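Here the structure comes first, spelled out in structure tokens, and everything after it is commentary.
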Amino acid sequence: MRKALRWLLALTVLIGTMSTAGAATAAEPEATGTTDIKERLLSVPGMSLIEEKPYTGYRFFVLDYTQPVDHRRPSEGTFQQRITVLHKDTARPTVFYTGGYSVSTTPRRAEPTQIVDGNQVSMEYRFFTPSRPEPADWSKLDIWQAASDQHRIFKALKGIYSENWISTGGSKGGMTATYYERFYPRDMDGVVAYVAPNDVVNKEDSAYDRFFANVGTEECRDRLNGVQREALVRREPLEKKYEAYAAENGYTFDTIGSLDRAYEAVVLDYVWGFWQYSTLADCEDIPADAKNATDDEIWTSIDTISGFSFYTDQGLSPYTPYYYQAGTQLGAPTIRFPHIEKKYIRYGYQPPRNFVPRSIDMDFEPWVMRDVDSWVRHHARHMLFVYGENDPWGAEPFRVGHGARDAYVFTAPGMNHGANVAGLVAEEKAFATARILDWADVAPNAVQENPAAAKPLAKFDAKLDKRDVERQRTLRP
């Protein structure tokens, strides 16, 4: 997947396209102007303040923005969409971040924001609470409506943040940034999409089976497969433990249909979940001899990685919008388990329909992802896709074709679902950083002359730049 970069060519591209107006150093916080930034933000029609939180060198706002439920018929109802603004300086570039789920109300800085030393606008995805229309018309939850949410926010804030904009996100957020670019390609000056799955043909998932047959080492795969199989062999005693656990915590199973279905779903997530969140070194924590492990050891290993609370009604409810989209447009993987005899598997990898209340109608639209994939291959401009070598979601990545321009796909060796530019090999890391700086129009002269000199303009802040991999289950990218 990774390309062998030619530095002479890269240098030519960078010198030929970069503006010399970029700042050579990290920006200082904005000086006090005649109009306070809070006043400017709240002067935007439909914008209201939830709260402001202080952070050294920035101002951080949690806001509500009035959006139409249906962008095709804006007069037919509105809802309040939560966004945050990490403000540094209106003279700096702005990064538009979405995680594809709820938005964090704690100040955080995405990697591109640190690289360009800019502002950050973060958007909560529609239908994730509290950004859900009431009553909820689920037919208005699709990738075009969500992209149109971003488009309206961008237009509303571009007058305040007039410098270059870059969109970004990880996992479903990376998908979101890609779909936004597909529908509104003139808004952003660049896109950095991390670990974004690309399920073009929903019924063809053999790429995932090939991934699991080769990822890591044989020893590690054997350990994981052994624990997963043993959890199904010991279904009866471990389900009794699950019943007690559910009763103690008040968990119910109406959506998925039964505790038995939930148990198998958790167990079948186990191997995927390990590679999504862990590294090869973490294999040392997996029982080496599953057949002779105690029930508690099997339970604890499965629960630590997959989480027995997840497929309960209480665990699924916050992610209903994701599963709805997976079952209507995004697609979802189906994998095989050759190391487990068929007699132990009753349901297999269950479809998204099983994780959404039956009161919500769902119909799959197979052409949607094909359209996005074709557009990226032939029309991508200023786009960077970053994947992790050991991340299952990278088994079906986005690719760029001959029609794409200044667009790249890189893979970080040994990394999981938290892969980023910093984890790329040195040559690709510098190149990707240089391209991001260029797209943001803040590349120092030294970088224009030598891309290998590229590095983030802002210093790393352990609190602001916390890089936790969001815990997301197998069917949730």
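The values are calculated or read from the model by the stated rules, or taken from the named source; none is laboratory data. Because the structure is a prediction, the values reported are computed rather than measured. A quick note on method: Cβ atoms are made from the backbone with ideal geometry, for glycine too, and the neighbour counts reach across all protein chains shown. Surface accessibility is based on the protein's heavy atoms, side chains included, excluding ligands, DNA and RNA. Shrake-Rupley method; radii C 1.70, N 1.55, O 1.52, S 1.80 Å.
Using only the Cα atoms, what convex hull volume per residue in Å³ does the chain have?
Taking only Cα atoms, the chain has a hull volume of 147 Å³ per residue.
Let's test this: bin the Cα-Cα distances of the stretch 215-338 at 5 Å from zero up to the farthest pair and state each bin's percent.
2, 10, 20, 22, 19, 14, 10, 3, 0
Along the three principal axes, how long is the stretch 166-267 when you take its alpha carbons, biggest first, rounded to the nearest angstrom?
In descending order, the Cα extents are 57, 38, 24 Å.
Using θ = phi - 60° and the Karplus relation 6.51 cos²θ - 1.76 cosθ + 1.60, list the HN-Hα couplings for the stretch 296-310 in order, rounded to whole Hz, with x at every Gly or Pro.
5, 5, 5, 4, 5, 5, 5, 5, 5, 8, 9, x, 5, 7, 5
For a protection proxy built on the mean count of beta-carbon atoms within 10 angstrom, sort 138-148, 166-176 highest first, please.
166-176, 138-148
Could you work out how far the C-alpha centroid of the stretch 135-161 sits from that of the stretch 300-334, in angstrom?
25
Need the C-alpha centroid separation for the stretch 256-294 versus the stretch 381-425, integer Å.
Measuring centre to centre over Cα atoms gives 26 Å.
Could you sort the peptides 194-200, 179-185 by per-residue average Cβ neighbour count (10 Å cutoff), highest mean leading?
The peptides rank, most packed first, as 194-200, 179-185.
Mean 1/r over all different Cα pairs, inverted: what Kirkwood radius does the stretch 141-197 give, in Å?
The Cα-based Kirkwood calculation yields 11.4 Å.
Please give the direction-averaged projected area of the C-alpha convex hull for the stretch 39-196, in square nanometres with one decimal.
Projected over every direction and averaged, the Cα hull of the stretch 39-196 covers 8.5 nm².
Starting at 0 and stepping by 10 Å, how many percent of the alpha carbon pairs of the stretch 375-425 end up in each bin?
Calculated P(r), rounded to whole percents: 29, 46, 25, 0.
Please work out how much accessible surface residue 283 shows to a 1.4 Å probe, ignoring ligands, DNA and RNA, in Å² rounded to 10.
Number for this one is 10 Å².
Of the options 354, 375, 329, report the single residue whose Cα projects farthest towards the positive end of the charge dipole of the chain (beta-carbon charges: Lys, Arg +1; Asp, Glu -1).
375
If I take every Cα pair under 8 Å that is 6 or more residues apart in the chain, average their sequence separation and divide by the length, what percent do I get for the relative contact order?
Answer for the chain is 20 percent.
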